[in-house]
Every structure is written in C-alpha cells, then in structure tokens.
Amino acid sequence: MTKQTLLVTGASNGIGAVYADRLARRGHDLVLVARSADKLQALAERLRQETGVAVEVLAADLGKSGDLAKVEARLREDAAITGLVNNAGIAGEGPILTADPAIIDSMIALNVSAVTRLAAAIAPRLAARGAGTIVNITSVTALMPEAFTAVYPATKAFVLAFSEALQAELGPRGVHVQAVLPGITRTAIWEEERLAQIPAEMVMSVDDMVDAALAGLDLRERITIPSLPDTADLDRFLAARGALRPNLSLRKPAPRYRA
Ligand SMILES: NC(=O)c1ccc[n+]([C@@H]2O[C@H](COP(=O)([O-])OP(=O)(O)OC[C@H]3O[C@@H](n4cnc5c(N)ncnc54)[C@H](OP(=O)(O)O)[C@@H]3O)[C@@H](O)[C@H]2O)c1
C-alpha cells in the first residue's frame, strides 16, 4: 500500500490498537475510533512521537446512532481517508437460553450494523477514486458457529458474507476488500480465566495475529485466516460451496420433496 490515511475502529485496545501501531509504522496517517477517548489519545500521542505520522482521535460509540452518523459522515466526506479497518466488535452474550436481549441488540448494532454502515459510507468514494482498502474483522466462528454461542458467530458470518459480496462489487472498481478471520487471540475480549482453560496451542498473540493479517493484505487475499497453514484448504471449502450454485435456484423442487 502506498501512503494512505486509514480509519481504524476499536483502536483503543486489542487487535485495533495493534493495527494502529503497525499501520503507523508503515507510514500511514490514522483516524482512531473507539469510546475510550483517553486510551485513544495516549496511543495517538505515542504513535505520533514514535513514527511521525498524523494521528487523529475520533471518540465515538458506534452502537449509538448519533455517534455512528458522525463517523459515517467523516468516511463519506473526507477525501483524505482511503482505507477503513472495521474492527470494533464485542462477544460474550452467553447461551441463548439466558442471553440478555439488550446485549444481543448492542452486539448486532456494533458487529453488524456499524460494520455495514461504515463500509457503505466509504465505498462510493473509494469506488469513484478507483482505489482503496476495506478490512473487515470477522472471526473463525463464522465457519464453526455450532462450536460457540449463537449470536456472536452469526454476526461474524454476516461480516464474512458481506465482505465477499463487497469484494465482488467493489473489486472490479479497484477497491480491495479483505475479510480477516482470527482464531482465539489474546485480548481483553476474553476473560483471563476462560483463556487459561484453552490449550495454549490454540491461542495466538495479538501481535502475531495482526502481522499475519497485514501480510495477507499485502498478498491481496480476500479472506485471511491467520493460523491456517495451507490456503488450499480454504480454496477447497470455497470451491465446494461454489459447486452448489448451479442447483441453488431451479424451477422445480428437488425430487425428494415431490409428493
Ligand atoms: N480476540 C479474539 O479472540 C478475536 C477472535 C476473532 C475475532 N475477533 C474480533 O476482533 C475484533 C477486535 O476484538 P479484540 O479481541 O481486539 O477485543 P477488545 O480488546 O475487547 O477490543 C475491542 C475494541 O472495540 C471497541 N469497542 C467496543 N465497543 C465499542 C463501541 N460501542 N463503539 C466503538 N468502539 C467499541 C473497544 O474500545 P472502547 O471500549 O474504548 O470503545 C476496543 O477498542 C472484534 O470485532 C472481535 O469480534 C477477536
């Protein structure tokens, strides 16, 4: 990537904060978004000092419509911003039998609605320019929803499907869309006691995760799974799904459904 200005959501902590660090070290200017203005300011100050890039803080709660509209307007109107890292997200709604409807709502608002609206806000400008980057952070749970809680993987499956459709629409217009599917990554999204129960071999450091995702971006990957040793496995999965296509919409029901 040539020097750009990228807007990173969820940059106050975890994966988003490491994206901010790595992108600044690559020479990119940044707009950092999250609710914790103090954490964003401290990160921005450090990155300005260590890298010399311009870093702006835009404190916003992306689950609130007024704040989301403010960030959308910025993406729609600021011609300097040529990339978006759609990273902010929450997990941990618990089993559906006991899930709090308010938490379900805020998860869908942040993980689905905000991701969609921010990408939709920047897409027309990038398409008109014929260049730009949208990185959507989804999760491997999008590929194994039965192994997790019900709502979180579904939000991440949305982001994967959304990213693939965006890439199909915007790719030919010069915009690169990457879906990143981290596995378990050591961040504050996890309670320490929960992480301690998971085999260490399954937990990646946040530095390794983001460095791998950026290497995938450099390779112009559309789907990046940081821990997957062989991308041929992903290709086979996508090919198997693609093989269904000729029969997914036909005039007649399949013979087994006919009386
Ligand atoms: N860690 C993993 O194992 C893992 C695996 C797969 C996918 N992911 C995905 O990676 C992304 C980042 O997660 P993480 O592990 O880095 O979690 P994290 O350490 O908890 O960071 C989440 C970030 O999102 C921000 N955020 C939360 N609610 C927000 C809101 N309403 N408005 C704006 N920003 C908000 C937080 O900042 P404030 O609190 O300051 O707002 C924070 O910067 C998420 O989309 C997550 O689903 C994580």
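Every read-out reported here was derived from the displayed coordinates using simple, explicitly stated rules and does not represent laboratory data. Here the structure is a predicted model, which is why all the values come from computation and not from measurement. No Cβ is skipped: glycine too gets one built from the backbone with ideal geometry, and neighbour counts run over all protein chains shown.
Compare the Cα positions of S106, P124, M1 along the charge dipole of the chain (+1 at Cβ of Lys, Arg; -1 at Cβ of Asp, Glu; about the Cα centre) and return the one farthest towards the positive end.
P124
Taking only C-alpha pairs under 8 Å that are 6+ residues apart, what is the relative contact order of segment 66-138 in percent? Write down the numbers at each step before the final one.
Details: 59 pairs, mean separation 37.7, N = 73.
Reported relative contact order: 52 percent.
Calculate the dipole size of segment 60-124 relative to its Cα centre from +1 charges on Lys and Arg beta carbons and -1 charges on Asp and Glu beta carbons; express the result in debye to the nearest 20.
Details: 5 positive and 8 negative charges, 40 e Å.
Rounded to the nearest 20 debye, it is 200 debye.
Say each of A215 and D78 gets a label point 7 Å from the Cα, pointing the same way as Cα to Cβ; how far apart are those two points in nm?
Distance between the two pseudo-spin positions: 3.1 nm.
Go ahead and set up a Gaussian network model of the chain, Cα springs under 10 Å, then flag whichever of A161, A232, A59 fluctuates most.
A232
Percent of Cα-Cα pairs per 10 Å bin, from 0 to the last occupied bin, for segment 154-259, please list those.
Spelled out per bin, shortest first, that is 12, 32, 30, 16, 9, 1.
Of the options P246, V206, L181, report the single residue whose Cα projects farthest towards the positive end of the charge dipole of segment 175-246 (beta-carbon charges: Lys, Arg +1; Asp, Glu -1).
P246
If you put +1 on each Lys and Arg Cβ and -1 on each Asp and Glu Cβ, how big is the dipole of the chain around its Cα centre, in Debye rounded to 20?
Working: 28 positive and 29 negative charges, 262 e Å.
The dipole magnitude comes to about 1260 debye.
Relative contact order, percent, of segment 106-194 when contacts are C-alpha pairs under 8 Å separated by at least 6 residues? Before the final figure, lay out each step's value.
Working: 106 pairs, mean separation 31.3, N = 89.
Once divided by the residue count of segment 106-194, the mean separation gives 35 percent.
Report the extension gain between L248 and I198 in nm, rounded to one decimal, defined as 0.36 nm multiplied by the number of residues separating them, less their alpha carbon distance.
On the way: separation 50, 0.36 × 50 = 18.00 nm, distance 3.86 nm.
Working it through step by step, the gained length comes to 14.1 nm.
Please identify, among D29, D233, D61, the residue showing maximal mean-square fluctuation in a Gaussian network model of the chain using a 10 angstrom Cα cutoff.
D233
Take peptides 95-107, 123-135, 182-194 and line them up by average Cβ neighbours within 10 Å, highest first, as a rough protection proxy.
Details: 95-107: 11.9, 123-135: 17.7, 182-194: 15.0.
Descending mean neighbour count gives 123-135, 182-194, 95-107.
Only four residue types carry charge here, +1 at the Cβ of Lys and Arg and -1 at the Cβ of Asp and Glu. Report the dipole size of segment 174-255 about the Cα centre in Debye, rounded to the nearest 20. Kindly include the intermediate steps, with their values, before the conclusion.
Numbers: 9 positive and 12 negative charges, 199 e Å.
Around 960 debye, computed over segment 174-255.
Please find the FRET efficiency linking A157 to R25, where r is the Cβ-Cβ separation and R0 is fixed at 30 Å, and quote it to the nearest 0.05.
Numbers: r = 32 Å, r/R0 = 1.07.
After rounding to 0.05, the efficiency reads 0.40.
If you take the square roots of the eigenvalues of the alpha-carbon gyration tensor of the chain and sort them as a ≥ b ≥ c, do you get rounded (a/c under 1.5), prolate (a/b over b/c) or oblate? Can you show the working numbers first?
Details: a/c = 1.57, a/b = 1.32, b/c = 1.19.
Prolate is the answer for the chain, as a/c is 1.5 or above and a/b outweighs b/c.
Calculate the spin-label point distance for L97 paired with R48, positioning each point 7 Å from the Cα along the beta-carbon direction, and give it in nanometres.
5.3 nm
Label-point separation (nm) for E146 and D233, each offset 7 Å from Cα along Cα-to-Cβ?
With each label placed 7 Å out from Cα toward Cβ, I get 1.8 nm.
What percent do you get for the relative contact order of the chain when only Cα pairs under 8 Å and 6+ apart count? Please report the intermediate quantities before stating the final value.
Details: 409 pairs, mean separation 40.7, N = 259.
Rounded, it is 16 percent for the chain.
Please sort through the DSSP H helices of the chain and keep those with an alpha-carbon extent of at least 27 Å along the long axis and a Kyte-Doolittle average not below 0.5. Walk me through the intermediate numbers first.
Details: long enough: 151-170 (28 Å, 0.78).
Membrane-span-like by this criterion, though nothing is claimed about a membrane: 151-170.
Could you list which residues have their amide H under 5 Å from that of L30, counting only those 5 or more apart in sequence or on another chain, with H placed in the peptide plane?
Amide H to amide H, under 5 Å and 5 or more residues apart or across chains, L30 pairs with L6, A54, V55, E56.
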